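**Student:** Okay, here's the structure, questions in a sec.
A short reminder: the numbers here are calculations on the coordinates, not readings from a lab. All figures in this text were calculated on a predicted structure; none of them were measured in a lab. Don't worry about glycine lacking a Cβ; one is built from the backbone with ideal geometry, like all the others, and counts go over all protein chains shown.
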Amino acid sequence: MMLPSFRLYHFAVKRMWRRMLLLTLLFWAGVCGVYALLNDNAIWQEYGWWLALPVCGSYFLFMDVSLMLVMLRHGEKKKWKRYRLKNKFEE
């Protein structure tokens, strides 16, 4: 199990929360548009305030996946850096 440092996590969240919010809003705008075309009424008239739950849930899902990818890339960079340093000292 990989435990990221708080500084890396904080930096990643600070860097990407706006992009993930925009992605979420664009995704749900597309969902609302398709729903309106197919059903002849707006999705929020059908579901009301309950629609906020999947919108917030998808935002946190997008954030979680993107943070996981950042952490994995950071771990791979550290592994390759350690590998290069090890080979440099063995020569």
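**Student:** Evaluate the distance, in nm, between pseudo-label points positioned 7 Å from the Cα of residue 50 and of residue 65 along their respective Cα→Cβ axes.
**Tutor:** 2.5 nm
**Student:** Quick check: pseudo-label points 7 Å beyond the Cα along Cα→Cβ at residue 10 and residue 32, how many nm apart are they?
**Tutor:** The answer from the label model is 3.5 nm.
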